[in-house]
């Protein structure tokens with residue numbers, strides 16, 4: 001199968017490229033501004049990415065496009081970064097305008113940031129009211145991809161990706177990598193408030209498995225949330241990490257008077273179509289912890 005994967009230098013995209021090549025072989029091409037091993041298209045910042053004849057031939061022969069590339073905020077502050085969020089729209093527009101002469105399916109990776117902040121489990125039926133420019137840019141991208149596919153009579157699948165954890169997550173300023181980094185350094189982890197709020201996470205390997213299964217999916221189930229279905233309280237999560245670390249660290253409580261809410265999901269649709277069983281959460285936490293531990297130790 002000839003396949004092109006965008007965003008192959010990112011947290012998800014890098015793992016996805018490896019798994020896709022293991023599954024489909026040399027016909028998988030990386031589409032990125034960063035050079036990669038194997039078949040690749042290295043684009044430049046130009047109206048049509050500055051692609052040469054050989055690169056355009058790879059596009060023309062592709063049967064599947066997995067569009068994982070995007071500006072993804074590494075912190076809450078970046079979620080309203082105008083230039084980056086606008087790039088999500090213009091990049092997708094330019095990508096779809098390439099000569100996809102043989103394309104049969106597009107898999108588009110979106111985000112849960114398209115949803116409104118609601119009480120109770122988030123499902124595919126939850127209203128889409130993005131609170132950030134990032135969420136708006138991804139929702140716009142969903143629509144562009146769906147319309148493009150419909151106009152050309154090809155299949156498309158939108159996957160809204162949830163809170164992903166695992167080795168590689170340290171690129172982002174999120175609760176898990178920050179807590180692990182503190183523990184590895186022998187510092188107490190910070191807990192803002194009581195830590196009763198619930199969060200749900202999905203392991204990086206489960207996300208990659210889901211994306212590749214979506215490539216093969218013959219049904220048309222509509223958009224699917226790629227999310228964890230086993231919520232955990234933040235305080236319990238930090239205690240698990242401290243236990244994994246086995247160090248003399250604790251929890252430093254910080255006062256927090258702002259609003260809190262649970263972020264949990266109904267992942268019945270994911271389980272039905274793409275991922276019947278999630279990876280064990282404790283095993284995944286251990287893998288991420290050991291990964292961050294090795295990074296902190298440096299090269300040997």
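Residues that are surrounded by fewer than 18 Cβ atoms within 10 Å (Cβ to Cβ) and free of Cβ contacts under 8 Å to residues at least 40 places away in the same chain do not occur anywhere in the range 58-75. Pick from 295, 217, 241: which is in contact with a helix residue (DSSP H, G or I) (Cβ under 7 Å, 6 or more places away or on another chain) and surrounded by 19 or more Cβ atoms within 10 Å (Cβ to Cβ)? Answer to the selection: 241.
Just to be sure before I move on: is residue 19 under 22 Å from residue 111 (Cβ atoms) and at pLDDT 95 or above in the structure I sent? Yes: the conditions hold for residue 19.
Being in contact (Cβ under 8 Å) with a residue 60 or more places away in the chain and under 21 Å from the mean Cα position of the chain (by Cα) is a condition met by no residue of the range 245-256. Take the residues of the range 73-86 that are under 17 Å from the mean Cα position of the chain (by Cα) and part of a helix (DSSP H, G or I): which is farthest from residue 140 (Cα to Cα)? Ranking the qualifying residues of the range 73-86, first place goes to 76. Picking from residues in the range 97-125 that are touching a helix residue (DSSP H, G or I) at 6+ places or on another chain (Cβ under 9 Å) and under 19 Å from residue 259 (Cβ atoms), the one that is surrounded by the fewest Cβ atoms within 10 Å (Cβ to Cβ) is 112. Considering the conditions (1) surrounded by 17 or more Cβ atoms within 10 Å (Cβ to Cβ); (2) without any contact (Cβ under 8 Å) to a residue 60 or more places away in the chain; (3) part of a helix (DSSP H, G or I), residue 94 is excluded by exactly one of them, (1). Can we say residue 194 is outside the structural domain of residue 115 (by TED's automatic domain parsing), at pLDDT below 95, surrounded by fewer than 18 Cβ atoms within 10 Å (Cβ to Cβ) and farther than 23 Å from residue 245 by Cα? So residue 194 fails the test. Residues in the range 3-32 that are in a loop (DSSP other than H, G, I, E, B) and farther than 17 Å from residue 96 by Cα: 3 in all. Check whether at least one residue in the range 43-56 is surrounded by 13 or more Cβ atoms within 10 Å (Cβ to Cβ), at pLDDT 90 or above and closer than 21 Å to residue 19 by Cβ, and report yes or no. No, that holds for no residue. Residues in the range 53-68 that are within 13 Å of residue 98 (Cβ to Cβ) and not in a helix (DSSP H, G or I): 62, 65, 67.
Taking residue 145, is it in a helix (DSSP H, G or I) and surrounded by 16 or more Cβ atoms within 10 Å (Cβ to Cβ)? It is true that residue 145 is in a helix (DSSP H, G or I) and surrounded by 16 or more Cβ atoms within 10 Å (Cβ to Cβ).
Among strands (runs of 3 or more DSSP E) entirely within the range 159-271, having at least 3 residues that are under 21 Å from residue 114 (Cβ atoms) singles out 224-226.
Kindly check whether there is at least one residue in the range 276-291 that is in a loop (DSSP other than H, G, I, E, B), more than 23 Å from residue 224 (Cβ to Cβ) and over 18 Å from the mean Cα position of the chain (by Cα). No, the range 276-291 contains no residue that is in a loop (DSSP other than H, G, I, E, B), more than 23 Å from residue 224 (Cβ to Cβ) and over 18 Å from the mean Cα position of the chain (by Cα). Determine whether the range 4-21 contains at least one residue that is surrounded by fewer than 20 Cβ atoms within 10 Å (Cβ to Cβ), more than 24 Å from residue 226 (Cβ to Cβ) and either without any contact (Cβ under 8 Å) to a residue 60 or more places away in the chain or assigned by TED's automatic domain parsing to the domain that holds residue 177 (or both). Taking every residue of the range 4-21 in turn, none turns out to be surrounded by fewer than 20 Cβ atoms within 10 Å (Cβ to Cβ), more than 24 Å from residue 226 (Cβ to Cβ) and either without any contact (Cβ under 8 Å) to a residue 60 or more places away in the chain or assigned by TED's automatic domain parsing to the domain that holds residue 177 (or both).
Counting residues in the range 29-37 that are touching a helix residue (DSSP H, G or I) at 6+ places or on another chain (Cβ under 7 Å) and modelled with pLDDT of 95 or more gives one or more.
The values are calculated or read from the model by the stated rules, or taken from the named source; none is laboratory data. This structure is a prediction, so every number in the text was calculated from the model and none was measured. When we count neighbours, we look across all protein chains shown, and the Cβ atoms used for this are built from the backbone with ideal geometry, even at glycine.
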